[in-house]
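Novice: There's a structure below that I have some questions on.
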Amino acid sequence: MENIIRERGLWPEKGLNAQCEGFKCEAGKTDCCCRRLLFTQPDFVNQKSHLEELITSRGHICDFYPKYHCELNFIEQYWGASKLRYRTTPKTNDMKEMERNVRECLDDVPLVQIQRYANRAARFISAYGQGLTGPEAAWANRKYHGHRTLPPDMALKLKDEHEKKYSTSDNNI
């Protein structure tokens, strides 16, 4: 890392540590350690991962969701439905049979249910994109569950309606 930083003419006279203690860099600093300094350089920031390059080179779209965020990633909901089914399968110590059971449970989730999970995730993404908070997005998702996305003009109306219904002001106590 030091060589790359020196080649770019960014090496400070006092030197730099390879990384901050426990990978916890001070907020707002960009030159506290070699790792942070390199990771803030434009060519490092704009570099796609190998997986993303492979996917896009084959003409597909690569879209990363937040990890384990089941509201925004329908795969998590699909996986949860499959695990629920797997828990009902007979216990076995045979690895081949376990693998067969997993595949059957994955195949057992109906396509229409997977599509509903995808639509639900799309509604949450739409709601968050329109500025709704978590509780407002959940409420909007229940109210507009028949739609793929939340109608754009409804976001303000929903915010007001949600505020009236769930307000914790002294007037409602």
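The values are calculated or read from the model by the stated rules, or taken from the named source; none is laboratory data. All values reported here derive from a predicted model rather than from experimental measurement. A quick note on method: Cβ atoms are made from the backbone with ideal geometry, for glycine too, and the neighbour counts reach across all protein chains shown. Side chains are part of the model used for accessible areas, which takes the heavy atoms of the whole protein and leaves out ligands, DNA and RNA. Shrake-Rupley method; radii C 1.70, N 1.55, O 1.52, S 1.80 Å.
Novice: If Phe23 meets every condition in (1) more than 26 Å from the chain's Cα centre (by Cα); (2) at pLDDT below 85; (3) of a type in the set (A, V, I, L, M, F, W, C) apart from one, which number is that one?
Specialist: Here Phe23 clears every test but (1).
Novice: Out of Glu71, Glu26, Glu7, report the one residue that is of a type in the set (D, E, K, R) and within 30 Å of Ser126 (Cβ to Cβ).
Specialist: Unique residue meeting the criteria: Glu71.
Novice: Which residues, counting only those in the stretch 14-39, are surrounded by 11 or more Cβ atoms within 10 Å (Cβ to Cβ), free of Cβ contacts under 8 Å to residues at least 12 places away in the same chain and assigned to a helix (DSSP H, G or I)?
Specialist: Result: Phe39, single match.
Novice: Looking at (1) modelled with pLDDT under 80; (2) open to solvent by less than 60 Å² (accessible area, probe 1.4 Å), can you tell me which one Tyr68 breaks?
Specialist: Going through (1) modelled with pLDDT under 80; (2) open to solvent by less than 60 Å² (accessible area, probe 1.4 Å) one by one, Tyr68 breaks only (2).
Novice: I'd like to check which helices (runs of 4 or more DSSP H) are fully inside the stretch 75-173 and have at least 1 residues that are at pLDDT 80 or above and more than 23 Å from Tyr65 (Cα to Cα).
Specialist: Hits in the stretch 75-173: 95-108.
Novice: Is the stretch 3-13 home to any residue that is surrounded by 11 or more Cβ atoms within 10 Å (Cβ to Cβ) and within 19 Å of the chain's Cα centre (by Cα)?
Specialist: Looking through the stretch 3-13, none of the residues is surrounded by 11 or more Cβ atoms within 10 Å (Cβ to Cβ) and within 19 Å of the chain's Cα centre (by Cα).
Novice: State all residues of the stretch 49-65 that are modelled with pLDDT under 85 and surrounded by 11 or more Cβ atoms within 10 Å (Cβ to Cβ); if no residue qualifies, say none.
Specialist: Tyr65 - this is the single residue of the stretch 49-65 that is modelled with pLDDT under 85 and surrounded by 11 or more Cβ atoms within 10 Å (Cβ to Cβ).
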